[in-house]
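Asks: For reference, the structure I am asking about is given below.
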Amino acid sequence: MDAKVPNARYSIDDRIGVLEELLNERYSARAFLPREVDRATIEHVLTIAQRTASWCNSQPWQVIIASGEAKERFRKEIYAEASNGLGDDYDFTPPREYVGVYLDRRRESGFQLYNTLGIARGDKAAYAKQALENYNFFGAPHVAIIHTNEPLGIYGAIDCGAYVSNFMLAAQALGLGTIPQAALARHSGLIRRHFNLPDDRRVVCGISFGYADNAHKVNSYRTSRASVAETVTFVDV
């Protein structure tokens, strides 16, 4: 196959090959270099992500990006709340329970992380310490907070999820590392207060990003993916 999509510069094989490469390369980075990303590159990511499809073209996402001293002030505040066991105010109800294959996949991912870091199975204190690294943004120099409008409900959040995916792919294409963080949304009240958000804004998640530290062992493993046969049902008749 070497046909071209109308008005496209590249063949279909080239286009799908780039997308496949980006999806296969992307992973959740949990260690970053201290080097900041220049504003032009960040704005390039945002411009690409802004093309995300949304219900009725509502484009419900709003994004706060904290860097430098602003990021550090936010980090200290949210880390203090989390480390003191405070804050459990998601705006969107988190999963009630992981069961069956979903629990299996969650455990596999968690044990990959812990094994890579040399954390013994069952070491709950070490698990908790690692979980708190979410609130240090894993050392990333930038953190984005994605929030939406309350009246749009769950579908506004779904559109934001699509935005997050495109943000991460654009960042990957530009040589950046990212990690989406639902953990930050556990402190939605603090986030609203810290950034002076109106009461009708609902926090979906955060994205810590920057240049991934590829030499760090925590960035050495990759999670698996289910096959198409496990996730798709074809109905032809």
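Asks: Segment 1-69 to segment 179-206: how many Å between their Cα centroids?
Replies: About 23 Å separates the Cα centre of segment 1-69 from the one of segment 179-206.
Asks: Ranking request for peptides 178-188, 157-167, 93-103: highest mean number of other beta-carbon atoms within 10 Å first, then the rest in descending order.
Replies: Result, highest mean first: 178-188, 157-167, 93-103.
Asks: Also: Around Tyr211, which amide H atoms from residues at least 5 apart in sequence, or from another chain, sit under 5 Å from its own amide H, with H modelled in the peptide plane?
Replies: Leu33, Gly177
Asks: Can I ask one more? Lys124: which lysines have alpha carbons under 25 Å from its alpha carbon, excluding same-chain residues fewer than 8 sequence positions away?
Replies: Partners found: Lys76, Lys217.
Asks: What do you get for Rg/Rh over the chain if you use C-alpha atoms and the Kirkwood form of Rh?
Replies: 0.97
Read-outs throughout are calculated quantities, based only on the coordinates presented, and are distinct from any laboratory measurement. Bear in mind the structure is a predicted one, so any value in this text is a computation, not a measurement. Neighbour counts are summed over all protein chains in view; Cβ atoms, including those assigned to glycine, are modelled from backbone coordinates with ideal geometry.
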